[in-house]
Amino acid sequence: MEKQIRILFVCHGNICRSPMAEYILRSSAAGLGLGESVLVDSAATSAEETGNPVHPRTAAILDTLGIDCSAKRARQMQRSDYEAYDYLIGMDRMNVADMRRIAGGDPDGKICRLLDFAANPRDIADPWYTGGFDAAYMDVCAGCDALLKRLKERRLVIPAAVRVCHVQMR
């Protein structure tokens with residue numbers, strides 16, 4: 001049995017971007033036959049939304065993809081998450097700075113932004129503030145595609161194909 005890859009997606013509140021990435025990557029991994037090989041979760045850098053469900057607009061996007069996120073509740077990242085996960089992936093530079101603070105540093109180089117895996121590294125804007133949930137979805141898809149490709153290149157997973165998002169949002 002191959003080693004399980006453990007990925008934690010992180011954003012400010014764990015109700016928009018990070019659960020979107022969690023569920024999209026989990027669904028894609030399952031669709032590629034990698035469900036047991038890739039463990040995916042998400043968390044927040046703040047405690048503001050702890051216990052709250054996924055934002056309705058994120059849930060609507062996931063629902064369009066046939067993904068049920070109704071059981072998800074926001075949680076805050078803990079220092080122990082650093083040891084528990086192979087990749088701790090934030091959505092923007094502020095998330096990364098907060099993640100490093102929570103983890104007490106990043107000695108193993110596990111913390112980065114999702115779009116650092118993509119050809120055009122950048123932040124994923126927080127749709128809570130911008131209202132751009134469809135734009136966040138497209139960025140999350142680009143990041144998840146690039147992450148799966150990176151894992152495949154490193155032979156950490158062996159998917160037949162690595163295209164994650166198949167539904168274009170309007």
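Filtered by the rule that a residue be over 22 Å from residue 39 (Cβ atoms), surrounded by fewer than 20 Cβ atoms within 10 Å (Cβ to Cβ) and touching a residue at least 40 places away in the same chain (Cβ under 8 Å), the range 61-91 gives a lone residue, 64.
Filtering the range 13-60 to residues that are buried (at least 21 other Cβ atoms within 10 Å of the Cβ), of a type in the set (Val, Ile, Thr) and out of contact with any Asp or Glu (no Cβ under 7 Å at 6 or more places or on another chain) leaves 24, 38, 54, 58.
Within the range 89-116, if we keep just the residues that are in a helix (DSSP H, G or I) and touching a Gly at 6+ places or on another chain (Cβ under 6 Å), the residue that is nearest to residue 21 (Cα to Cα) turns out to be 114.
It is to be established whether one or more residues within the range 71-88 are acidic (Asp, Glu), part of a loop (DSSP other than H, G, I, E, B) and farther than 24 Å from residue 30 by Cβ. No, because not a single residue in the range 71-88 is acidic (Asp, Glu), part of a loop (DSSP other than H, G, I, E, B) and farther than 24 Å from residue 30 by Cβ. Against the conditions (1) within 12 Å of the chain's Cα centre (by Cα); (2) without any contact (Cβ under 8 Å) to a residue 12 or more places away in the chain, residue 8 satisfies every one except (2).
Take the conditions surrounded by fewer than 18 Cβ atoms within 10 Å (Cβ to Cβ) and under 16 Å from the mean Cα position of the chain (by Cα) and apply them to residue 100. Does it pass? Considered against the rule, which asks whether it is surrounded by fewer than 18 Cβ atoms within 10 Å (Cβ to Cβ) and under 16 Å from the mean Cα position of the chain (by Cα), residue 100 comes out as no.
Contact map, the range 26-46: residues that are on the phi > 0 side of the Ramachandran plot paired with residues that are in a loop (DSSP other than H, G, I, E, B) and surrounded by fewer than 15 Cβ atoms within 10 Å (Cβ to Cβ), Cβ distance under 8 Å, separation 6+ or inter-chain. Pairs shown: 33/160.
Return a yes/no flag: does the range 134-156 have any residue that is at pLDDT 95 or above and more than 26 Å from residue 34 (Cα to Cα). Yes, the range 134-156 contains at least one residue that is at pLDDT 95 or above and more than 26 Å from residue 34 (Cα to Cα). With respect to being in contact with a Lys or Arg (Cβ under 6 Å, 6 or more places away or on another chain) and among the charged types (D, E, K, R), residue 81 falls outside the description. Could you say whether any residue in the range 107-117 is at negative phi and touching a residue at least 60 places away in the same chain (Cβ under 8 Å)? There is at least one residue in the range 107-117 that is at negative phi and touching a residue at least 60 places away in the same chain (Cβ under 8 Å).
Scanning the range 27-57 for residues that are modelled with pLDDT of 95 or more and more than 17 Å from residue 111 (Cα to Cα) returns 47, 48, 49, 50, 51, 52, 53, 54, 55, 56, 57.
The values are calculated or read from the model by the stated rules, or taken from the named source; none is laboratory data. Predicted, not measured: the structure shown is a model, and the values here were computed from it. In this analysis, Cβ positions are derived from the backbone assuming ideal geometry, glycine residues included, and neighbour counts consider all displayed protein chains.
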